[in-house]
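The numbers here are math on the coordinates, done by the rules we state, and not lab data. Just so we're clear, the structure is a prediction, and the values are computed from it rather than from any experiment. Every residue, glycine among them, receives a Cβ derived from its backbone with ideal geometry; neighbour counts consider all protein chains shown.
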Amino acid sequence: NVAQPLELLVNGQLHTLAVLPTTSLLHVLRNDLRLNGPKYGCGLGECGACTVLIGDRAARACCTPVSQVGVLPVTTLEGLEQDGVLDEVQRAFVQEQAAQCGYCLNGMIMTIRAALNQGCVKSFEDAKQALRFNLCRCGTHVEILRAACLACG
Ligand code: FES
């Protein structure tokens, strides 16, 4: 196992890194690129706290080897904001005050962003469905679902 040079496009910036190909994308984002939006929760792909976009789709960064990303762009929570303006999903979560401890919110927001990118959130039930594999230990799911619906218009 030897570190290899690797290019990674994250939030519109191209980075050249020397990493082991099996290193998780989450490790690279948090430890090498200092992007702390994606959170480490379970490390097993089960809680969703580490969710990022790879291309337009949601991916669990904790169990995605960085070498699997290839040329697809990665977007983290930090990359949703453009020129100081929050993304519509971020704004909805602020408006609905959907956080309690806030640890899960990265995953909730990125999952809804991905679902909207796919055009598959049109109702409260769709939002519930989209977030069914994202865990919140505080139990703020009602506010989270309200925010998800608001973001979906
Ligand atoms: Fe990645 Fe839980 S930390 S799914």
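From the C-alpha coordinates alone, can you work out the Kirkwood hydrodynamic radius of the chain, in Å? Mind dumping the intermediate values first?
Numbers: mean 1/r = 0.0642 Å⁻¹.
Value: 15.6 Å, from the Cα pair sum.
Picking from LEU35, LEU77, LEU26, which is most flexible by a Gaussian network model of the chain using Cα springs under 10 Å?
Of the options given, LEU35 has the highest mean-square fluctuation.
Starting from the Cα of VAL2, step 7 Å along the direction of its Cβ; do the same at PHE124; then give the gap between the two resulting points in nm.
Taking the simple label geometry, VAL2 and PHE124 are separated by 5.9 nm.
Expected output is a single nm value to one decimal: the length gained when fully extending between ARG34 and LEU86, i.e. 0.36 nm times separation in residues minus the C-alpha distance. What is it?
Extra length available between ARG34 and LEU86 comes to 16.7 nm.
Enumerate the amide H contacts of VAL19 below 5 Å, restricted to partners 5 or more residues apart or on another chain; note that Pro and chain-start residues carry no placed amide H.
GLN4, LEU6
Using the Karplus curve 6.51 cos²θ - 1.76 cosθ + 1.60 with θ = phi - 60°, work out ³J(HN,Hα) for each residue of the stretch 53-62 in order, rounded to whole Hz, and write x for Gly and Pro.
Couplings: 9, 10, x, 9, 9, 6, 9, 8, 5, 5 Hz.
Starting from the amide H of ASP87, placed 1.01 Å from N in the peptide plane, find each other amide H under 5 Å away whose residue is 5 or more places distant or on another chain.
It is GLU81, GLN82, by chain and number.
With θ set to phi - 60° and the Karplus curve 6.51 cos²θ - 1.76 cosθ + 1.60, what are the ³J(HN,Hα) couplings of the stretch 143-153 in order, to the nearest whole Hz, using x for Gly and Pro?
Residue by residue, the stretch 143-153 yields 5, 4, 5, 4, 5, 4, 5, 4, 5, 7, x Hz.
Could you run the Karplus curve 6.51 cos²θ - 1.76 cosθ + 1.60 with θ = phi - 60° over the stretch 27-38 and give me ³J(HN,Hα) per residue in whole Hz, x for Gly and Pro?
4, 5, 4, 7, 8, 8, 9, 6, 9, 9, x, x
Once amide H atoms are placed 1.01 Å from N in the peptide plane, what residues at a sequence separation of 5 or more from VAL10, or on another chain, have their amide H within under 5 Å of its amide H?
Those lying under 5 Å, H to H, from VAL10 are HIS15, VAL74.
Between ARG34, ARG113, ARG91, which gets the highest mean-square fluctuation from a Gaussian network model of the chain, Cα cutoff 10 Å?
ARG34
Stretched out fully, how many nm does the piece from SER67 to LEU14 gain, at 0.36 nm a residue minus the Cα gap?
17.6 nm
GLU125: net charge of surrounding residues, Cβ under 15 Å, Lys/Arg +1, Asp/Glu -1, itself excluded?
+3
How big is the stretch 36-95 by the Kirkwood estimate over distinct Cα pairs, in Å?
By the Kirkwood definition, the hydrodynamic radius is 12.4 Å.
Using the per-residue mean of other Cβ atoms lying within 10 Å as a proxy for protection, in what order, highest first, do the peptides 139-148, 11-20 fall?
Numbers: 139-148: 19.4, 11-20: 13.2.
Ranked by mean Cβ neighbours within 10 Å, highest first: 139-148, 11-20.
Provide the percentage of antiparallel DSSP beta bridges, counting only those with both residues in the chain; round to the nearest 5. Kindly include the intermediate steps, with their values, before the conclusion.
Working: 15 of 16 bridges.
Just about 95 percent of them are antiparallel.
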